[in-house]
Amino acid sequence: MDKKKVLVADAGEEFRRLLVETIDAENDLTVVGDTGDGEEALSLCDKRQPDVVVMDMILAKVDGVELLSALESRNPRPKVLVISSFASGSVADLAAAKGADYFMMKPCKTG
């Protein structure tokens with residue numbers, strides 16, 4: 001069985017570690033990289049070709065909006081799950097407009 005490759009981009013180190021551990025515990029998923037930096041996330045996407053990017057909108061250097069815009073031109077484009085603490089519907093709308101496939105609110109259960 002081919003495992004889906006997941007990249008995690010979240011500036012919150014503790015949340016990111018928890019997310020990585022949770023994803024790696026799944027039989028059909030493997031984490032191919034994690035970072036709190038949007039610029040590094042783009043570089044990791046190019047190198048590791050993830051099937052899924054799990055990201056926050058708040059990232060160092062390149063923010064979530066810029067990261068989503070850059071991912072739109074990738075071929076194949078990974079699926080994108082945005083997990084954000086912003087409660088505003090406009091953030092979810094903006095993420096969707098920029099190509100996010102799913103949007104979840106923080107805090108969320110990881111297990």
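Cα gyration tensor of segment 20-111, axes a ≥ b ≥ c as square roots of the eigenvalues: rounded (a/c below 1.5), prolate (a/b > b/c) or oblate? Cα axes put segment 20-111 in the oblate bin. Summary of packing: across the peptides 23-31, 62-70, the per-residue average of other C-beta atoms within 10 Å ranks them, highest first, as 62-70, 23-31.
Between GLU14 and VAL65, the FRET efficiency estimated from the beta carbon spacing at R0 = 22 angstrom works out to 0.40.
Between the listed residues MET105, VAL80, SER90, the Cα displaced farthest toward the positive end of the dipole of the chain, a dipole computed from Cβ unit charges relative to the Cα centre, is found at VAL80.
Sites listed here are trypsin sites (Lys or Arg not before Pro) in segment 18-111 whose DSSP assignment is loop and whose Cβ has at most 16 other Cβ atoms within 10 Å: LYS61, ARG74, LYS109.
In a reduced charge model with +1 at each Lys and Arg Cβ and -1 at each Asp and Glu Cβ, the chain shows a dipole moment near 220 debye about its Cα centre. For the pair ASP37 and ARG77, the difference between a 0.36 nm per residue extended length and the Cα-Cα distance amounts to 12.5 nm.
Computed from the coordinates by the stated procedures, all read-outs in this text should not be read as laboratory data. Fair warning: this is a prediction, and the values are worked out from it, not measured in the lab. Cβ: placed from backbone, ideal geometry, glycine included. Neighbour counts: every protein chain shown.
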